[in-house]
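What follows draws every value from the coordinates through simple rules; no lab data is involved. It should be emphasised that the depicted structure is a prediction, and the values quoted were computed from it without experimental measurement. Note: ideal-geometry Cβ built from the backbone for every residue, glycine included; neighbour counts use all protein chains shown.
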Amino acid sequence: MNAIFYKEWIKTRWYFLLAVVTTLGFSGYCMLRINRVAELKGIEHVWEVMLQRDAIFIDLLQFVPLLVGILLAVVQFVPEMQRKCLKLTLHLPYPALRMIATMLLSGVMLLLICFGSNLLLMDTYLGSVLAPELKAHILLSALPWYLAGIAGYLLISWVCLEPSWKRRLPNLLITVLLLRVFFLSSTPEAYNSFLPWLAVYTLLTASFTWISIVRFKMGKQD
């Protein structure tokens, strides 16, 4: 298992570092926007806008985690398929299901570190200028976007590992429809009561990848 983690790290390390820097840049920019408004008009104005207009000031981040998750799947699995390394990987003396689960787990762990650094940055700054309720309002509004990033990674991994091009297009369509669930409402905290189920929904998307692996092992290729 350690060898698999190390192999996946070698493939994704530079993208991971770029993703962390980029997402922290977007998060930091959103915090600077809040800071600029606070300096120009006072922190009271920020509170007033949040309370009266339901503004959260981080709308720029909405699709960033999703894009990061999708690109990680592409970086991790497209070379695996192009170089036909997957067949060799699955013939190693290690259970295939556990092998794929470990590969996906390594990607999810990298995303959790990346997204966790974003949330930590926002939590630290917002906690210094806003009431706990307002800080929670912003972070809870952003949480479905980060779950979408993990779901996007798992679903695009399913598409990338599919051995047949004819099946990839329907799989991609299903992926778009499933990811749409995370963006049904733009209202802040609209998903609060649904967040536990949304987390379960996100984890269940990992099972789709096994369909592609079973088809690959059966020789379903173009």
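Below, the figures for the structure above:
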{"quantity": "Cβ-derived FRET efficiency at R0 35 Å, Thr22 paired with Arg53, nearest 0.05", "calculated": "0.75"}
{"quantity": "Most mobile listed residue (Tyr94, Tyr125, Tyr191) in the chain, GNM with C-alpha springs under 10 Å", "calculated": "Tyr94"}
{"quantity": "Convex hull per residue volume in Å³, alpha carbons only, for region 135-219", "calculated": "72 Å³"}
{"quantity": "Under Karplus coefficients 6.51, -1.76 and 1.60, residue-wise ³J(HN,Hα) of region 115-129 in Hz, glycine/proline x", "calculated": "5, x, 5, 4, 5, 5, 4, 5, 4, 5, 6, 4, x, 8, 10"}
{"quantity": "Where labels lie 7 Å past Cα in the beta-carbon direction, separation of Leu60 and Asn192 in nm", "calculated": "2.7 nm"}
{"quantity": "Computed P(r) (all Cα pairs; region 37-160; 5 Å bins; percent)", "calculated": "2, 10, 17, 17, 13, 11, 9, 7, 6, 4, 3, 2, 0"}
{"quantity": "Over region 66-222, relative contact order from alpha-carbon pairs under 8 Å, at least 6 apart, %", "calculated": "34 percent"}
{"quantity": "Principal-axis tilt of helix 64-82 within the chain, Cα atoms, nearest 10 degrees", "calculated": "10 degrees"}
{"quantity": "Most mobile listed residue (Val159, Val78, Val49) in the chain, GNM with C-alpha springs under 10 Å", "calculated": "Val49"}
{"quantity": "Overall Cα dimensions of region 2-217, principal axis frame, Å, largest first", "calculated": "62, 31, 24"}
{"quantity": "Neighbourhood charge, 12 Å Cβ-Cβ cut-off, centred on Val46 and excluding it, Lys, Arg +1 and Asp, Glu -1", "calculated": "+2"}
{"quantity": "Cβ-based charge dipole, region 2-217, positive-most Cα from Val181, Pro170, Cys85", "calculated": "Cys85"}
{"quantity": "Inter-site label distance for Ala96 and Phe5 at 7 Å from Cα along Cβ, in nm", "calculated": "2.6 nm"}
{"quantity": "Nearest-ten-degree value, helix 132-161 long axis tilted from longest Cα axis of the chain", "calculated": "20 degrees"}
{"quantity": "Most mobile listed residue (Gly28, Gly42, Gly69) in the chain, GNM with C-alpha springs under 10 Å", "calculated": "Gly42"}
